[in-house]
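K.L.:
Quick one: the structure is below, questions incoming.
The values are calculated or read from the model by the stated rules, or taken from the named source; none is laboratory data. As the structure is a prediction and not an experimental result, all values here were calculated from the model. All Cβ positions, glycine included, derive from the backbone under ideal geometry; neighbour counts span all protein chains shown. Heads up: the accessible areas ignore ligands, DNA and RNA and are worked out on the full protein's heavy atoms, side chains in. Shrake-Rupley method; radii C 1.70, N 1.55, O 1.52, S 1.80 Å.
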Amino acid sequence: MSKIPHKANPDELFDVVDLDDRVIGQSPRREVHARKLLHRAIHVLIHDPNGHLFLQRRSMGKDSFPGCWDSSCSGHVDAGEDYVKAARRELGEELGWHDTGLPLRPLLKLHASPETGYEFIQIYLMGPCSGPFDLHPEEITEGRWIVPNELDILINEYPDHVAGALRLLWSQHRAAILAAIG
């Protein structure tokens, strides 16, 4: 039985935040995106013991960057949720990863801007970890491990195949990410 491509719930509630990332209210997804209200998201970069990064290819049903390569795991922070809880939830939903024994290490936080889709994005590192992952087919069409130089090539030669937030965080923070995964 085939599944219908994942469509985001337009009534899903997000916290709306101010320029200092303080919650000032809540609004449905459709309103947050239509009015370009500041809100929150997470990205998790998973690396294996050899320094490879796990990337996911977003499903074609996604409302932004469908079919593009993205961070290992990414998603919005739901209303009333904090960044860490959202990251753990998304790891479970997208990758079937429920092991909380492996810590999420905060790496950096991107300030909300047009380039981030008006999202404050908290980026975490997880690893070393080799999986296995159980990819949710409504969220992710495929996943693969790559060496950092492959991501450089992908972004430079095929930028429209890479989600905007991953292009931004990789171009601005590649050195910090590589130093952190050692």
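K.L.:
Looking at Glu93, Glu139, Glu119, Glu81, which is the one that is within 16 Å of Leu55 (Cβ to Cβ) and among the acidic types (Asp, Glu)?
P.N.:
Of the residues listed, the single one that is within 16 Å of Leu55 (Cβ to Cβ) and among the acidic types (Asp, Glu) is Glu139.
K.L.:
Next question, about the same structure. Determine which member of the set Leu107, Leu37 is under 27 Å from Glu142 (Cβ atoms) and surrounded by 17 or more Cβ atoms within 10 Å (Cβ to Cβ).
P.N.:
Leu107
K.L.:
Identify the residue in the stretch 9-29 that is at negative phi, surrounded by 11 or more Cβ atoms within 10 Å (Cβ to Cβ) and touching a residue at least 40 places away in the same chain (Cβ under 8 Å) and, among all such residues, is farthest from the chain's Cα centre (by Cα).
P.N.:
Once the filter is applied, the top-ranked residue is Gln26.
K.L.:
I'd like to know if the stretch 88-96 contains one or more residues that are within 29 Å of Asn149 (Cα to Cα), open to solvent by 50 Å² or more (accessible area, probe 1.4 Å) and within 14 Å of the chain's Cα centre (by Cα).
P.N.:
yes
K.L.:
Across the stretch 141-159, what is the total count of residues that are closer than 17 Å to Ala179 by Cα and aromatic (Phe, Trp, Tyr)?
P.N.:
0
K.L.:
Moving on. What are the residues in the stretch 143-157 that are free of Cβ contacts under 8 Å to residues at least 60 places away in the same chain, among the aliphatic types (A, V, I, L, M) and surrounded by fewer than 16 Cβ atoms within 10 Å (Cβ to Cβ), if any?
P.N.:
Once the filter is applied, which keeps residues that are free of Cβ contacts under 8 Å to residues at least 60 places away in the same chain, among the aliphatic types (A, V, I, L, M) and surrounded by fewer than 16 Cβ atoms within 10 Å (Cβ to Cβ), the stretch 143-157 yields only Ile153.
K.L.:
Further, regarding this structure: Looking only at the stretch 126-182, which residues are over 26 Å from Thr100 (Cα atoms) and outside any helix (DSSP H, G or I)?
P.N.:
Listed by number, the residues that qualify are Tyr158, Val162, Ala163.
Yes/no matrix, rows are residues, columns are (1) part of a loop (DSSP other than H, G, I, E, B); (2) open to solvent by 10 Å² or more (accessible area, probe 1.4 Å); (3) more than 15 Å from His136 (Cα to Cα):
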residue	(1), (2), (3)
His33	no, yes, yes
Ala41	no, no, yes
Ile46	no, no, yes
Gly51	yes, yes, yes
Leu55	no, no, no
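K.L.:
All but one of (1) open to solvent by 20 Å² or more (accessible area, probe 1.4 Å); (2) outside any helix (DSSP H, G or I) hold for Ile123, so report the exception by its number.
P.N.:
Failing condition for Ile123: (1).
K.L.:
For the stretch 128-142, name all the residues that are open to solvent by less than 30 Å² (accessible area, probe 1.4 Å) and under 16 Å from the mean Cα position of the chain (by Cα).
P.N.:
Glu139, Ile140
K.L.:
Oh, and also: Tally up the residues in the stretch 83-116 that are without any contact (Cβ under 8 Å) to a residue 40 or more places away in the chain and part of a loop (DSSP other than H, G, I, E, B), please.
P.N.:
Number satisfying all stated conditions: 9.
K.L.:
Next question. Report yes if some residue within the stretch 60-82 is closer than 17 Å to His43 by Cα, open to solvent by less than 70 Å² (accessible area, probe 1.4 Å), in a helix (DSSP H, G or I) and of a type in the set (Lys, Arg); otherwise report no.
P.N.:
Within the stretch 60-82 (the criterion being closer than 17 Å to His43 by Cα, open to solvent by less than 70 Å² (accessible area, probe 1.4 Å), in a helix (DSSP H, G or I) and of a type in the set (Lys, Arg)), the answer is no, since none of the residues qualifies.
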